[in-house]
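The values are calculated or read from the model by the stated rules, or taken from the named source; none is laboratory data. Keep in mind that what you see is a predicted model, and the values were worked out from it rather than measured. Here the Cβ positions follow ideal geometry from the backbone for every residue, glycine too, while neighbour counts run over all protein chains shown. Each accessible area value is taken on the protein alone, full model and side chains, heavy atoms only, with ligands, DNA and RNA left out. Shrake-Rupley method; radii C 1.70, N 1.55, O 1.52, S 1.80 Å.
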Amino acid sequence: MENKIKEFKHLEKWQGTLANCIRCGYCFEHCPMFHHTGWESDAPRAKIITAFGLLEGEIEPSEAAADKMFSCFYCKRCEAACSSGVPLTEIFTDAKKDLVEMGLKGPGTTSITELYCARCLLCVGACPHEARFYDGKGIATDPAKCQACGICIEVCPAGAAKIENHFGTAKDDLIERASTFLTTHESSKAIIFACNWSYYPELQASVLPESETREKAYEILVNMCGGRLEAHLLMAPFLHNAWGVMAAVCPDGECQHDGNLRAKKIVESLHNTFKSIDINPERVRLVQIPAGDKTLFQAEIDTFMDKLNKMGPIR
Amino acid sequence: MKKIDTTKLKNIVGGHNIKTDPADLYIYGSDSSVHHAMPWAIVRPETTLQVQKIMKYANDQIIPVVARGGGSGMCGQTVPIQGGIILDMKKMNRILEINLEDVYCRVEPGVVDDDLNLALKQYGVFYPPTPASSRIATIGGEIANNASGVRSVKYGATRDAVLGMKVVMANGDLVSLGAHTRVEASGYQLHKLLVGSEGTLGIVVEATLSFVPIPEFRCMGVANFDVLKDAGEAIGSIMASGATPSMLELMDSVAIKAVNKTMDLGLKEVAAVLIFEADGMVKEAVDYEINKMKKICEKHNGQDIHASYDPKERAKIFLGRKKLFPALSKYDDNLASTALADDMAVPYSKMAEMAGKIHEIAAKNNIIMTAYGHCGSGCMHTKILMDTKRKDQWDSAKKAITQVYDYVRSVGGTTSAEHGIGISKAESFKIEKSDSLNLSAGIKKAFDPNNILNPGKLAQAPEDWVTATNLRYSVNS
């Protein structure tokens, strides 16, 4: 197939870097998409291979290939873990720019706007990546700029902002998984919502014997960014008799989407609600975990569980 | 290319477990090697019965089937050189049983090595083969390659840990091999034969593995050497002394520079370092082993020898060693680290000469090669760092590899210690095993009469690895 470099003018500069990726696959474990689907073709290495294939003309710029490049939450865990120093998300963004110019836009994880959008422009102002704008007809998203952080979804009062391909990170999905855990484990007490930076993966892709998980007291659910936490999501586990809910987000100044600040406000507001109905507000706890600090994360969970055990169930 | 009946395959595994779009096929056409070839379909079974049905269909239609785990193979073992079905085993990922009383566990092939060790850790035991890629490598892939790693010097390779397995044969039949016991005297020990067969004899759908207690004490030492040969000779002396290291690793100046650059490891930039470790349940016994190895290093001009029980210090060096392969790509921004001629083994007494030979051959061919590895178990790794766009660099790499393997065989060594043969190493493998190739071909025929299981690998691979498949790099003509 003929070399396509001329058509990929943004991606072209990464030709040498794409060779430097030794394709070890150590990025798999850090990717929430790979965790969710289990397909190698959803892992970061797959996007690097796709970028190489597009650039070299070994694969056609198809909708399927574009969908892979546009499916990324930009948590950048893969990038931080890459010992070959490959700036994965910068490469993805440049590939996206070229694909957009060819008329291929995903959707991937790009946020979209439903027709019932009220055009209040809240999402335009809130988008930390300047990806949302009014195009004269309605609210549109620049797919090359969108980093799928989900802040637009959180601020949209009409529920019109959506990420359709959410890879298990949508609010409804998380609520359902929390509910399943709480209703199927007699020992269950808490749900931990963690952003992808505060959580360090334990089991990468394997399933423990049922006997090992029967006595689990808590479940960790990755919601990508603290900015995607909503009061409704944090409250939902209590409908299934959770004793408490913890949310783990990045420390101040370290969240690339400023989602931790939004999470703080929501938890503060919930504390006030809990106080007003005479429930101990400490049943909802927010912790800030520096990137990959597995020890602190576990210590915070242990402390929280100790507190819940002292408080007992909500009566 | 044969037409695949995707409807039939969908009926077996469900539509959500099959992919045929060229964008997906392209991704599954490569692994961590230099090779690339397009499969015809990706099929992801979830049960043994599904694997049996897929194999029956493939055998009836004579369609190649390549089983795939994490895709971290370095010689092209999972690159579908003749097309066919990639059997992605990652969904068969259940740890079925942890039997502490009988000291074994049963797992499905898609279980990730580190995941298994996380599950075992709470019981104070571990599964020891641990290749550097253990965070991604699956047990099935490790069995296929007889994987080993830094701890193999004391605890052995995958073959030593496999007690038994269930295998789906080429025609779809299911057989149980081995047992749940430590010893088995009779018969051909077919489960051991499957280990290292690179998916050419059957599809492993369940494995019974032994594990060992996590030692109470671990102490790691680092010795610096100004002369690479001295470090190599120290390895031979340590192993000949009767010492029992739990890790004995060599890193040359290229490897040291790469890990320091990538991970800020703070190793001294000398000609070579030896990293040695001893473990055990009694501290005095560990001290004894460490002191013994320290003295041998001193005798061979090792300097600034430091040993520590501190888990953080040990973990930092251990992680640095595990990430050495990707780190080598940062040695020089213009050079890529390629997985070529990367895991030969030589007798201990030849370790020093082997390390020197690698550098000598690299200089002669105007490329950069590094010498490192689990030298305590006889394994010497190298990687070729080169400008992959330049065709002349590939020509040089080919010459260098031939020269390296000629030396390895001349001293009684072997082509692959732990990464397997796949496509990249077939040329040397076939020379090394020339008088038993017919015997191996007979075994292959008995297991897989239609030659559908990972065809074109091991002895069936083309002689010239450069033209065997498309290279996954862009090479200027």
Checklist entry - Which numbered condition trips up A:E254, out of (1) modelled with pLDDT of 95 or more; (2) more than 21 Å from A:L182 (Cα to Cα); (3) of a type in the set (D, E)? => result (1)
Checklist entry - Considering the range A:20-48 alone, what residues qualify as being in a loop (DSSP other than H, G, I, E, B), open to solvent by less than 10 Å² (accessible area, probe 1.4 Å), at the interface with chain B (Cβ under 8 Å from one of its Cβ atoms) and not charged (D, E, K, R)? => result A:I22, A:G25
Next on the checklist: Against the condition in a helix (DSSP H, G or I), closer than 17 Å to B:S30 by Cβ and within 14 Å of chain B (Cβ to nearest Cβ), how does A:A51 come out, does it pass?
Outcome noted: yes
Checklist entry - For the range B:334-361, what are the residues that are facing chain A (nearest Cβ under 8 Å) and either farther than 25 Å from B:D406 by Cα or surrounded by fewer than 24 Cβ atoms within 10 Å (Cβ to Cβ) (or both)? => result B:N334
Checklist entry - What residue, of A:A118, A:A144, is buried (at least 19 other Cβ atoms within 10 Å of the Cβ), more than 14 Å from every other protein chain (Cβ to nearest Cβ) and within 30 Å of A:K265 (Cα to Cα)? => result A:A144
Next on the checklist: Given the condition at positive phi and not in a helix (DSSP H, G or I), answer yes or no: does some residue in the range A:285-296 qualify?
Outcome noted: yes
Checklist outcome for this item: Within the range A:54-67, residues open to solvent by 10 Å² or more (accessible area, probe 1.4 Å), more than 7 Å from every other protein chain (Cβ to nearest Cβ) and in a helix (DSSP H, G or I) come out as A:E63, A:D67
Checklist outcome for this item: Every listed condition ((1) open to solvent by 10 Å² or more (accessible area, probe 1.4 Å); (2) part of a loop (DSSP other than H, G, I, E, B)) holds for A:T180 save (2)
Checklist entry - Only one of these conditions is not met by B:G266: (1) touching a Ser or Thr at 6+ places or on another chain (Cβ under 8 Å); (2) of a type in the set (G, A, S); (3) on the phi > 0 side of the Ramachandran plot. Which number is it? => result (1)
Checklist entry - Somewhere in the range A:81-90, is a residue in contact with a Leu (Cβ under 6 Å, 6 or more places away or on another chain), within 14 Å of chain B (Cβ to nearest Cβ), closer than 27 Å to B:T338 by Cβ and in contact (Cβ under 8 Å) with a residue 12 or more places away in the chain? => result no
Item to check | Any chance B:T469 is surrounded by 22 or more Cβ atoms within 10 Å (Cβ to Cβ), within 14 Å of chain A (Cβ to nearest Cβ), within 23 Å of B:K323 (Cβ to Cβ) and not aromatic (F, W, Y) | outcome: no
Checklist entry - Within the range B:62-170, which strands (runs of 3 or more DSSP E) (wholly inside it) include 1 or more residues that are touching a residue at least 60 places away in the same chain (Cβ under 8 Å), away from chain A (no Cβ under 12 Å) and surrounded by fewer than 24 Cβ atoms within 10 Å (Cβ to Cβ)? => result B:104-107, B:162-168
Next on the checklist: Looking at the range A:71-80 only, could you name the residues that are more than 12 Å from chain B (Cβ to nearest Cβ) and more than 26 Å from B:L319 (Cα to Cα)?
Outcome noted: A:C72, A:F73
Item to check | Inter-residue pairs, beta-carbon under 8 Å, first more than 7 Å from chain A (Cβ to nearest Cβ) and in the range B:12-25, second open to solvent by 50 Å² or more (accessible area, probe 1.4 Å) and in a helix (DSSP H, G or I), 6+ apart | outcome: B:I12/B:K53; B:N17/B:K91; B:I18/B:K10
Checklist outcome for this item: Those residues of the range B:418-466 which are buried (at least 22 other Cβ atoms within 10 Å of the Cβ) and part of a helix (DSSP H, G or I) amount to B:A426, B:S428, B:F429, B:L458, B:W465
Next on the checklist: Let me spell it out: the conditions are (1) touching a strand residue (DSSP E or B) at 6+ places or on another chain (Cβ under 8 Å); (2) touching a residue at least 12 places away in the same chain (Cβ under 8 Å); (3) at positive phi, and B:L194 meets all of them except one. Which number is the exception?
Outcome noted: (3)
Checklist entry - Across the range B:450-467, which residue is farthest from the chain's Cα centre (by Cα) among those that are within 26 Å of B:Y57 (Cα to Cα) and of a type in the set (S, T, N, Q)? => result B:N450
Checklist entry - Is there a residue being surrounded by fewer than 23 Cβ atoms within 10 Å (Cβ to Cβ) and farther than 29 Å from A:T17 by Cβ anywhere in the range B:315-327? => result yes
Item to check | Pairs, first in a helix (DSSP H, G or I) in the range B:345-372, second of a type in the set (D, E), C-beta under 6 Å, six or more apart | outcome: B:A352/B:E233
